[in-house]
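Below: the structure, in structure tokens.
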Amino acid sequence: MPVVVTGSIATDHLMTFPGRFTEQFVEGQMENVSLSFLVDDLIQHRGGAGANMAYGMALLGLAPVLVGSVGNDFADYDAWLTRHGVDTRDVRWSELKHTARFVCTTDAVNNQIASFYSGAMSEAGQIELAPVCDRVGAPDLVVIGPNDPTAMARHTQECRDRGYPFAADPSQQLAWADGDLIRDLVDGADLLFTNEYESALLMQKTGWDAAEILGRVSTWVTTRAAQGVLVRQRDADPIEVIAVPETKPVEPTGGGDALRAGFIAGRTWGLSLERATQLGSAVATEAVEVVGTQEYELRREPFLERFADAFGADAAAEVAAHLP
Ligand SMILES: Nc1ncnc2c1ncn2[C@@H]1O[C@H](COP(=O)(O)OP(=O)(O)OP(=O)(O)O)[C@@H](O)[C@H]1O
Ligand SMILES: [Mg+2]
């Protein structure tokens, strides 16, 4: 049975300006700004949480079904995802808007000027899951990743109505969402994913303490960067899994999405919660050791070797039985 991944699909355009932005600000002219910076570097990355998670799952052989809304500029990105094993047939192409885009310029002292264009993503609320599930079969799990808020609420409701198990992954959308929306996204989830900061924010905004949250979701996974991962369930002892020792983070962005991909793949394979979390941790390490969120690869032998060093030979053998 397939895993359906809903969430943002976007590209990042990152530029570097060798000077300092502030040297071009003119005192007394701040109501009348017209600035242009000659940048010396442009890097483009494929991203968006939904696409990142689907990419990781595809590397693990899961053939995930990606659901989201993109623009007419999506052809190259589509080919990339398809080539890596993501099923993009249910990605919706907007007729009017470009794919969501993050554009950021960083200067020589790390000041940043950035914009986020949500574009086609703002139409994701028009997507219905039923036709997707008619095509691919009743899903094992529907991931509700960060996305247009209307889409997140709609997908969650549809999962409840149709009885599809869902993973709540509101991530950065917790920053602006109000308590009502967050309670609605989380209640009844099979899985809840947060990082440590988001777990505090979620409790603050919903007014629910940890016990109350655990009464409403089956499994709550909290990532803690280098401190590893905490997995909680209502009537079981919490599980703690370490981050892979000697991880050398180059750029931490994308670690969370990769962790989710590994964890969900492990669960889909039928591994124990602890083993699935270890797999998530190992995939996350690969993601944080490269620049970009879909630039890592999972080469079987080195991956398993490192996995065995971190979590033991028996654990590695269980993973090896499923790894492509
Ligand atoms: N410094 C690190 N050392 C080792 N592992 C790390 C490090 N940073 C991140 N990771 C791995 O990535 C996972 C997710 O990281 P983190 O808890 O920072 O999530 P996040 O803040 O949601 O990340 P993202 O920037 O992708 O949204 C961690 O559980 C861990 O496995
Ligand atoms: Mg995150």
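What follows is calculated from the coordinates using simple rules that are stated; it is not laboratory data. Fair warning: this is a prediction, and the values are worked out from it, not measured in the lab. Using ideal geometry, Cβ is built from the backbone for each residue, glycine included, and neighbour counts are taken over all protein chains shown.
Descriptive notes on the structure:
- Put simply, the amide H of Phe166, placed in the peptide plane, has neighbours under 5 Å in Val142, Asp190, Leu191, leaving out anything fewer than 5 places away on its chain.
- 3J(HN,Hα) along the stretch 82-99, derived from phi through the Karplus expression 6.51 cos²θ - 1.76 cosθ + 1.60 where θ = phi - 60°, amounts to 4, 4, 8, x, 7, 7, 9, 5, 9, 6, 9, 9, 6, 7, 10, 10, 6, 4 Hz, with x in place of Gly and Pro.
- With an a/c value of 1.5 or above and a/b not larger than b/c for the gyration tensor axes a ≥ b ≥ c computed over the alpha-carbon atoms, the stretch 202-252 is described as oblate.
- Listed by Cβ neighbour count within 10 Å, with the fewest neighbours leading, Cys133, Cys104 appear as Cys104, Cys133.
- Along principal axes, Cα extents of the stretch 128-213, largest first, whole Å: 39, 25, 19
- Separation of the Ala226 and Leu38 label points, Cα + 7 Å toward Cβ, nm: 4.0 nm
- ³J(HN,Hα), Karplus 6.51/-1.76/1.60, whole Hz, each residue of the stretch 158-171, x for Gly, Pro: 5, 4, 4, 4, 9, x, 7, x, 10, 9, 8, 9, x, 6
- Listed residues Gly262, Gly312, Gly188, most fluctuating in the chain (Gaussian network, C-alpha, under 10 Å): Gly312
- Ranked by the mean number of other Cβ atoms within 10 Å of their residues, highest first, the peptides 296-302, 154-160, 318-324 come out as 154-160, 318-324, 296-302.
- Lys/Arg +1, Asp/Glu -1 at C-beta; the stretch 1-147 dipole; positive extreme among His13, Ala75, Val65: Val65
- The order of the peptides 64-74, 244-254 by mean Cβ neighbours within 10 Å, most packed first, is 64-74, 244-254.
- When only the Cβ of Lys, Arg, Asp and Glu is charged (+1, +1, -1, -1), the dipole of the stretch 1-95 relative to its Cα centre reaches about 460 debye.
- Assigned charges on the beta-carbon of Lys, Arg, Asp, Glu; the stretch 212-324 dipole about Cα centre (debye): 340 debye
- Average projection area in nm² (convex hull over Cα atoms of the stretch 24-134, one quarter of hull surface): 9.9 nm²
- For the chain, relative contact order (Cα pairs under 8 Å, six or more residues apart, normalised by length) works out to 16 percent.
- Checking every one of the GluC sites (Glu not before Pro) in the stretch 1-107 against DSSP loop status and a limit of 12 other Cβ atoms within 10 Å picks out Glu27, Glu31, Glu95.
- Annotation for the stretch 42-148: trypsin sites (Lys or Arg not before Pro) lying in DSSP loop with at most 16 further Cβ atoms inside 10 Å of their Cβ are Arg89.
- Mean projected area in nm² (Cα convex hull; one quarter of hull surface) for the chain: 18.2 nm²
- Under 5 Å between amide hydrogens, built in the peptide plane, is the criterion, and for Val70 it picks out Arg92, Trp93, Ser94 among residues at least 5 positions away or on other chains.
- Ranked list, fewest to most other Cβ atoms within 10 Å of each Cβ, for Ile9, Ile239, Ile127, Ile264: Ile239, Ile127, Ile264, Ile9
- Taking Gln44, Gln294, Gln29 as the candidate residues, the one with maximal mean-square fluctuation in a Gaussian network model of the chain, Cα springs under 10 Å, is Gln29.
- Scattering from the stretch 184-324 was approximated by placing one identical point on each alpha carbon and applying the Debye formula without solvent; log10 I(q)/I(0) at 0.13, 0.19, 0.22 1/Å stands at -0.55, -1.10, -1.36.
- Taking the Cα centre of the chain as origin and assigning +1 to Lys and Arg Cβ atoms and -1 to Asp and Glu Cβ atoms, the resulting dipole is close to 520 debye.
- Distant-in-sequence amide H partners of Ala243 (H built 1.01 Å from N, under 5 Å): Gly228, Val229
- When the Gaussian network model of the chain links Cα atoms closer than 10 Å, the mean-square fluctuations of Asp257, Asp184, Asp209 top out at Asp209.
- Using θ = phi - 60° in the Karplus curve 6.51 cos²θ - 1.76 cosθ + 1.60, the 3J(HN,Hα) couplings for the stretch 221-234 round to 9, 10, 8, 10, 6, 5, 7, x, 10, 10, 10, 10, 9, 4 Hz; x is entered for Gly and Pro.
- The chain - mean residue ellipticity at 222 nm from DSSP helices (-39,500 (n - 2.57) per run, n ≥ 4, rounded to 500): -11000 deg cm²/dmol
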